[in-house]
Amino acid sequence: MAKDVLVLAEVYRDALADVTWELLAAGRTIASATGGQVLALVLGPNGAAHAPALGAADRIMVVDDPRLADYAPGPYVAALQEVTAAEQPRAVLLGATSIGWDVAPLLAARINAPLVTGCKEIQPEGEALRVATSFCGGKMMAEVRVDGAPAICMVLPGSFRPADAAGQAKIEPRKLPSPLEPGAVRFDGWVLPEAGDVDITQQDVLVSVGRGIQQKDNLELAENLAGALGGAVCASRPVIDQGWLPATRQVGKSGMTVKPKFYLALGISGAPEHQEGMKGADLIIAVNTDPQAPIFDIAHYGAEVDVLDLLPALTEAIEAKRG
């Protein structure tokens, strides 16, 4: 019986993606039950530089190859296929990210392995895996049993508490197959947010606004509150679609996934697509006039009031408290 779990440590612009530590935590859940090890795979030049941050893994494999300098699905799939064939893991875990969506289906097709997308929970069950998966934009959930090995699982960001255990795993160099078949997709360049905008994924405090803010001029009320709290303003999709804030401030499935210490949802109904991007926050407080708003289902605290009445009073109270 296969016991080990292979995790793709996703590298984005020379930095490890946050989902990597969630994948390591999910891998530990499986490996602890099977008696196996968690194997981290890093692809790209200077991959060894990321090894100290991967202490939650038992083994760290690095494919340092110039053909992996810029992401393209062809070389990534080739590297994953090579390592998977050599290690014969029980499961291969990837993030449900743009890279994961590229690579996971191709890998599953090439090695004839079962693929499960939208994974929120993964538990070993004998020689199988029991996986809770989300689909249709988070509107539906299913529980599936995966008997085949290796199982290719795409984990939704925000589903697992990140693993941060220290370790002494040694780096194991690996090589890409050579020659390498040319891929149909090549890297052309990064399209990056405008310089100077706030990176909401790095904020501890977020004041998020939805339709309840009513008009662009009222954003100033949210900005004032965010300033008093030492945070930043973000929004649900309707606000972004109106052009009131840049796309880099959007939270949700089609925007950013955030995990602040405090998330204040103002006038946001809480559609599944929005919840998918913010439910990992440590503390969620929702404010909405509709007592049936879905946002209250995941909020730790809630208030049924008009945000336009609350914002000025709340900002004034916080500023007075801080002197």
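The values are calculated or read from the model by the stated rules, or taken from the named source; none is laboratory data. Just so we're clear, the structure is a prediction, and the values are computed from it rather than from any experiment. A quick note on method: Cβ atoms are made from the backbone with ideal geometry, for glycine too, and the neighbour counts reach across all protein chains shown.
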Scope the range 133-173; condition in contact with a helix residue (DSSP H, G or I) (Cβ under 7 Å, 6 or more places away or on another chain), at pLDDT 80 or above and surrounded by fewer than 18 Cβ atoms within 10 Å (Cβ to Cβ); matching residues: R161, P162, I171
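Please tell me if A78 is among the aliphatic types (A, V, I, L, M), touching a Pro at 6+ places or on another chain (Cβ under 9 Å) and crowded, with 18+ Cβ neighbours inside 10 Å. Full working, then the answer.
Details: among the aliphatic types (A, V, I, L, M): yes; touching a Pro at 6+ places or on another chain (Cβ under 9 Å): yes; crowded, with 18+ Cβ neighbours inside 10 Å: yes.
For A78, the condition - among the aliphatic types (A, V, I, L, M), touching a Pro at 6+ places or on another chain (Cβ under 9 Å) and crowded, with 18+ Cβ neighbours inside 10 Å - is met.
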Residue, surrounded by the most Cβ atoms within 10 Å (Cβ to Cβ), within the range 199-226, restricted to residues that are more than 12 Å from L311 (Cα to Cα) and of a type in the set (D, E): D204
Residues of the range 37-54 classified as under 19 Å from the mean Cα position of the chain (by Cα) and not aliphatic (A, V, I, L, M), total: 1
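Looking at the range 89-107, can you tell me whether even one residue there is over 30 Å from S254 (Cβ atoms) and either modelled with pLDDT under 95 or not assigned by TED's automatic domain parsing to the domain that holds E273 (or both)?
Yes, there is a match, as at least one residue in the range 89-107 is over 30 Å from S254 (Cβ atoms) and either modelled with pLDDT under 95 or not assigned by TED's automatic domain parsing to the domain that holds E273 (or both).
For a quick check of your reading: which strands (runs of 3 or more DSSP E) sit entirely within the range 25-113 and have at least 3 residues that are under 19 Å from A128 (Cα atoms)? Give the steps one after another, and end with the answer.
Working: elements: 38-43, 59-63, 91-95.
In the range 25-113, the matching strands (runs of 3 or more DSSP E) lie at 91-95.
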Flag for I295 being surrounded by fewer than 17 Cβ atoms within 10 Å (Cβ to Cβ), aliphatic (A, V, I, L, M) and either in contact with a Phe, Trp or Tyr (Cβ under 9 Å, 6 or more places away or on another chain) or without any contact (Cβ under 8 Å) to a residue 40 or more places away in the chain (or both): no
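Please determine, by comparing only the residues of the range 207-239 that are β-branched (V, I, T) and either assigned to a helix (DSSP H, G or I) or out of contact with any strand residue (DSSP E or B) (no Cβ under 9 Å at 6 or more places or on another chain) (or both), which one is nearest to L156 (Cα to Cα).
The first filter runs over the range 207-239 and keeps only residues β-branched (V, I, T), leaving 207, 209, 213, 233, 239.
Then keep just the ones that are either assigned to a helix (DSSP H, G or I) or out of contact with any strand residue (DSSP E or B) (no Cβ under 9 Å at 6 or more places or on another chain) (or both); that gives 213, 239.
Details: I213: 29, V239: 24 Å.
Per the stated criteria, the residue is V239.
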Leading residue by the ranking (farthest from the chain's Cα centre (by Cα)) among those in the range 240-262 that are more than 11 Å from E273 (Cα to Cα) and of a type in the set (G, A, S): G243
Considering residues of the range 227-251 that are touching a residue at least 40 places away in the same chain (Cβ under 8 Å) and touching a Cys at 6+ places or on another chain (Cβ under 8 Å) only, the residue surrounded by the most Cβ atoms within 10 Å (Cβ to Cβ): V251
Strands (runs of 3 or more DSSP E) fully within the range 240-308 counting 3 or more residues that are among the hydrophobic types (A, V, I, L, M, F, W, C): 262-266, 283-287
